Amino acid sequence: MKNISLLQKHRANYRPNLPPALQGAVKVHKGAPTESVGDQAEIKKLFPNTYGLPQLTFERAEGETPAGRPLNVGVILSGGQAPGGHNVISGLFDGIKAINADSHLYGFLMGPGGLVDHNYKELTADIIDEYRNTGGFDIIGSGRTKLEKEEQFEKGLEIIKKLDISAIVIIGGDDSNTNAAALAEYYKAKNAGVQVIGCPKTIDGDLKNDFIEASFGFDTATKVYGELIGNVERDCNSAKKYWHFIKLMGRSASHIALECGLVTQPNICLISEEVEAKNQTLNDIVDYITSVVIARSEQGDNYGVVLIPEGLIEFIPAIKALIAELNDLLAAHPEINKLKGSAQREFVLKNLSEENAQHYASLPENVARQLTLDRDPHGNVQVSLIETDKLLSQMVANKLAALKEAGQFKGKFSAMHHFFGYEGRCAAPSNFDADYCYALGYNAAQLVNCGATGYMSSIRHLAKPASEWEAGGIPITMMMNMEQRNGKMKPVIRKALVDLNGLPFKTFSQHRDDWALNTSYFYPGPIQYFGPSEICDRRNRTLYFEQGGD
Ligand code: FBP
């Protein structure tokens, strides 16, 4: 007997809902030529063969699905795990099999590196069935190898030709889909006969725009964090003796923190994008937290909950400028990370501009060191390694100690720290993510079938039931602009940060002063997979508000 939980056994029987356009024969509607969101001339020059492609929309065609040619497709999971990846793969598998039963699906192992190093396995029906509606990426594993060099594309082509693969589906975030666009362009320019399709994945929720409404995994991950934060709040409200500082994943944008703030109503929820817009310093943030701690202590409440997006530090304008210079310095001197302790600190201080050196010197040593750690393969600071929660609580404690000494603070302050990130990335997908992911994969099969390349699989009207979803493809170049990475200007998909004029943030900011003082904790509880649709199919608040909820 298989070693699986009872929940997994029953959940395996869940049949994800598909949008009507994908439920039978499909007709393709082509829109007008498109433009990139910025730097049109440069993007067009870099992507001469895949720039300006039309948007594609699928419609339900009359009659039976005509048998198509067998499709051999390769699939890659790229970057951080996100709930629902297995359903993208099962949707893709079912999609190509529905087109022709002789189609084959090959999974490249441990991320894009699997394509380059020719590590793969064929995904057969038995394997796929084991993973339906489960969390994780363990069916083939994931990795962060950046696919950008010609020799990598050529190595990939060798195995693609050997397996007679006609399309590669890359399931990834903004960086991985940027690579998908580069790969599509390269193979098209070569006339290699290989299509490349992307699928929008990331718990961070920052791969979205007017056409891609959400990245998968955000819904489930935030529901898991919401449950955990609610539990901490209830503990906090029972013991009334700790301030809990909770750092939340989300490398850059604060969508995760904002969503968790909306569903748990903590005393404080910091939003990095607001910190940047208000040009706040680290001290401003510490002053704000301290003021709430004092105000609550004056009413006898020496406890509270603070949510901190993990990317916060990068959004504090002075630290952002410091990180930008550190990025260039690290790119020019990769040996920095081989230097030990004070030697590294001295080298960095000597080579930074005067202003940034001052900021660097003012940070606690461990945080300064964490800022110089190696970037990930895409050039990002590894913010999940920076202990912002401890940094803030320590600075608040220092300030309160000084105020106590001066007789201006009479309360107590005792801090606990948490980091919620990995706890939610491999959870079993919510109904929403199970449906959305399956539809993304099934839709990717249709994009392959109609010969598309350089497209991202797109399912729209996500706040509505799946019976009203629209399916199609968006040219990836349409989402791109030029940005500085590792010291050079590069074409990348524009990240979606929290919109301070959007309804999710506005709703939060209308309530936060009340939540700061008047304990209003809200306990969302665990994701429900069985039971009333009102609970099981509930959309996250971000999506709900973004699509006009009140
Ligand atoms: P993706 O952008 O690849 O989806 O990854 C998101 C993320 O979970 C971030 O929230 C986090 O900062 C990062 O991955 C952690 O990376 P790693 O898994 O390499 O520790």
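Read-outs throughout are calculated quantities, based only on the coordinates presented, and are distinct from any laboratory measurement. Computed from a predicted structure; not experimentally measured. Reconstructed Cβ throughout: ideal geometry from the backbone, glycine too, with neighbour counts over all protein chains shown.
Charged side chains reduced to their Cβ positions (Lys and Arg at +1, Asp and Glu at -1) give segment 317-459 a dipole of some 520 debye around its Cα centre. If you look at the Cα atoms of the chain, you get an Rg and a Dmax of 24.3, 81 Å.
Over all other residues within a Cβ to Cβ distance under 13 Å of residue 240, the charged ones net out to +1, with Lys and Arg as +1 and Asp and Glu as -1.
Less than 5 angstrom separates the built amide H of residue 250 from those of 310, all sequence-distant by 5 or more or on a different chain.
Ranked for footprinting exposure by Cβ neighbours inside 10 Å, fewest first, 115, 157 give 157, 115.
Using only Cα atoms and rounding to the nearest 10 degrees, what angle (0 to 90) does helix 282-298 make with the longest principal axis of the chain? Helix 282-298 sits roughly 60 degrees off the main axis of the chain. Taken about its Cα centre, the chain carries a charge dipole of about 580 debye when Lys and Arg each add +1 at the Cβ and Asp and Glu each add -1 at the Cβ. What net charge is computed for the residues neighbouring residue 132, neighbours being all others with C-beta under 11 Å from the C-beta of residue 132, Lys and Arg scored +1, Asp and Glu -1? Combined, the nearby Lys, Arg, Asp and Glu give -1.
Distance between the C-alpha centres of segment 429-465 and segment 156-233: 11 Å, rounded to the whole angstrom.
Rg and Dmax of segment 65-195, based on Cα coordinates, read 14.0, 40 Å. Here's how it looks for residue 106: its modeled amide H is under 5 Å from those of 73, 74, 75, 123, which are all 5 or more places away or on a different chain.
In angstrom, the C-alpha Rg and Dmax of segment 458-536 are 19.5, 52. Couplings for segment 530-542, taken from phi via the Karplus curve 6.51 cos²θ - 1.76 cosθ + 1.60 with θ = phi - 60°, read 10, x, x, 4, 3, 8, 5, 9, 5, 7, 4, 5, 4 Hz in order; Gly and Pro are left as x.
The label point for residue 321 and the one for residue 299, both projected 7 Å from the Cα toward the Cβ, are 3.9 nm apart. Between 0 and 90 degrees, the angle of helix 150-162 with respect to the longest Cα principal axis of the chain falls at about 40 degrees. Once backbone amide H atoms are built at 1.01 Å from N, residue 195 has 167, 168 as its partners under 5 Å, excluding neighbours fewer than 5 places away on the same chain. Note on residue 358/residue 211: beta-carbon distance plugged into 1/(1 + (r/R0)^6) with R0 of 60 Å gives a FRET efficiency of 0.85. Charge tally around residue 397: other residues with Cβ under 12 Å, Lys/Arg +1 each, Asp/Glu -1 each, net +4. In the chain, helices alone account for a calculated mean residue ellipticity at 222 nm of -13000 deg cm²/dmol, with every DSSP H run of four or more residues adding -39,500 (n - 2.57).
Taken along its three principal axes, the alpha carbon spread of segment 253-322 comes to 40, 26, 16 Å, from the longest extent down to the shortest. Exposure proxy ranking for 359, 255, based on other Cβ atoms within 10 angstrom of each Cβ and starting from the fewest, stands as 359, 255.
Legend: ranking of residues 467, 90 from fewest to most surrounding C-beta atoms inside 10 Å; resulting order 467, 90.
Computed from backbone phi, the HN-Hα couplings of segment 474-490 come to 10, x, 5, 4, 4, 9, 9, 8, 9, 9, 7, 9, 6, x, 10, 6, 9 Hz, rounded to whole numbers (Karplus: 6.51 cos²θ - 1.76 cosθ + 1.60, θ = phi - 60°; Gly and Pro given as x). Sequentially through segment 96-113, phi angles give Karplus couplings (6.51, -1.76, 1.60; θ = phi - 60°) of 6, 6, 5, 6, 7, 5, 8, 6, 10, 10, 10, x, 7, 8, 6, x, x, x Hz, Gly and Pro residues having no value and appearing as x. Percent of alpha carbon pairs in segment 290-418 separated by more than 23 Å? Distances greater than 23 Å cover 42 percent of the Cα pairs.
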